[in-house]
Amino acid sequence: MRTSSRSAVDPFIVMDVMEAARKAEDAGRHIIHMEVGQPGTGAPKAATEALAKAMEDHPLGYTVALGLPALRQRIAQLYADWYNVDLNPDRVVITPGSSGGFILAFTALFDSGDRVGIGAPGYPSYRQILHGLGLKPVDLPTAAENRLQPVAADFAGLNLAGLMVASPANPTGTMLNRTAMSALIEAADGMSFISDEIYHGIEYEAKAVSALEITDEVYVINSFSKYFSMTGWRVGWMVIPEDHVRVVERIAQNMFICAPHASQVAALAAMDAEKELQANLDVYRANRALMLEGLPKAGFTKIAPPDGAFYVYADVSDLTDDSRAFAAEILQKAGVAVTPGLDFDPVRGHTTLRFSYARSTEDIETGLERLAAFIQDRDISHRHAATL
């Protein structure tokens with residue numbers, strides 16, 4: 001039986017790294033996980049307690065396609081609290097994770113064959129979802145002097161139907177300030193503008209700027225996976241212009257029916273677990289400090305400035321020109337799982353790696369020790385080989 005040309009998407013390499021790490025653990029090895037962007041903590045206690053009570057009180061069936069009204073209202077309140085944005089809750093759409101949001105947004109905004117700009121390096125699934133929907137992702141190679149974020153000159157004259165940005169970004173952790181975000185929105189006039197804000201709440205020195213602070217004529221996508229520590233619950237949200245609500249609702253009804261009811265109940269409770277969520281953020285902040293000190297000491301000296309999220313993106317061109325093989329070597333010899341840059345930048349990613357510091361501080365300390373020992377042993381081996 002034939003398969004469609006749309007189905008010829010690339011693998012999500014980090015998932016392959018996770019599988020290799022799992023096999024190593026099954027074989028009895030202790031692996032430090034710096035590959036996956038997944039909090040080491042679970043959902044807030046209030047979330048699991050609220051779900052347990054809801055399951056006792058009544059069966060959890062379908063919700064309306066746009067999501068539980070109480071959750072949509074609570075998300076609208078978040079925008080008032082975090083960004084001083086007065087948001088009509090009718091504009092909030094609950095989605096099956098941010099991935100469901102991307103599918104809804106791309107389907108609502110673009111026709112087959114449309115060209116959509118995405119920054120490189122960037123989250124690989126943007127590219128693959130666009131391809132799977134019959135759209136044409138256009139990588140915009142970003143520059144270090146622009147903090148590996150797109151600028152208007154990167155897409156001038158490319159005839160794009162839309163632009164996708166992320167701040168804080170995956171894999172770099174860099175952010176767009178208000179001036180940079182405003183400039184991109186202005187330069188994208190006539191295009192559809194999508195802002196991935198999934199890492200909002202995980203910032204260290206300045207608050208992330210939401211595109212909604214600048215204009216209502218954008219799609220904003222967020223999720224409970226990162227700041228709210230609910231990756232496996234698969235629940236997120238979108239904020240869209242009021243005249244797009246019925247468009248997205250019709251698509252959501254047919255594609256997903258609704259986001260999981262149980263996850264929506266838990267998400268609503270998680271939004272008020274501020275003490276626990278801030279404790280998680282304190283761990284990320286400590287881990288970030290360890291990474292910024294430990295990675296250069298270990299030999300990874302060229303890194304992007306991680307303003308938010310829980311990643312460090314490193315240029316390892318002085319160590320390898322094959323990031324996938326290098327990541328495999330690190331896993332095999334050091335017992336540390338990291339992600340090759342090819343996942344995020346198919347052209348330049350052969351000389352970059354992403355390190356996640358979302359796990360426990362103890363794991364980060366151990367991982368850095370192993371990485372330092374690995375680079376030291378590797379240098380000794382290379383010097384020895386050179387003298388033979």
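The values are calculated or read from the model by the stated rules, or taken from the named source; none is laboratory data. Because the structure is a prediction, the values reported are computed rather than measured. We place every Cβ from the backbone using ideal geometry, glycine too, and count neighbours over all the protein chains shown.
See the values below:
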item	result
Search result, residues across segment 68-100 that are polar (S, T, N, Q), in contact with a strand residue (DSSP E or B) (Cβ under 7 Å, 6 or more places away or on another chain) and not in a strand (DSSP E or B)	S98
Those residues of segment 113-168 which are of a type in the set (A, V, I, L, M), within 16 Å of the chain's Cα centre (by Cα) and either part of a strand (DSSP E or B) or not assigned by TED's automatic domain parsing to the domain that holds A187 (or both), in sequence order	I118, A120, M164, V165, A166
Test result for Y199, aromatic (F, W, Y), within 30 Å of N177 (Cβ to Cβ) and crowded, with 24+ Cβ neighbours inside 10 Å	yes
A279 of a type in the set (A, V, I, L, M, F, W, C), crowded, with 23+ Cβ neighbours inside 10 Å and modelled with pLDDT of 95 or more	no
Yes/no for F228 being surrounded by fewer than 20 Cβ atoms within 10 Å (Cβ to Cβ) and aromatic (F, W, Y)	no
Criterion: touching an Asp or Glu at 6+ places or on another chain (Cβ under 6 Å) and crowded, with 20+ Cβ neighbours inside 10 Å - qualifying residue of L104, L51, L66, L87	L66
Odd one out for A52 among (1) closer than 30 Å to Y284 by Cα; (2) in the same structural domain as G308 (by TED's automatic domain parsing)	(2)
Candidate set: segment 326-362, residues that are assigned to a strand (DSSP E or B) and hydrophobic (A, V, I, L, M, F, W, C); chosen: the one nearest to A372 (Cα to Cα)	V336
From the options L292, L331, L319, residue that is in contact (Cβ under 8 Å) with a residue 60 or more places away in the chain and surrounded by fewer than 24 Cβ atoms within 10 Å (Cβ to Cβ)	L331
Residue match in segment 35-42 (condition: in a helix (DSSP H, G or I) and not aliphatic (A, V, I, L, M))	no
Residue in segment 26-34 that is among the β-branched types (V, I, T), outside any helix (DSSP H, G or I), more than 15 Å from S223 (Cα to Cα) and within 19 Å of the chain's Cα centre (by Cα) present	no
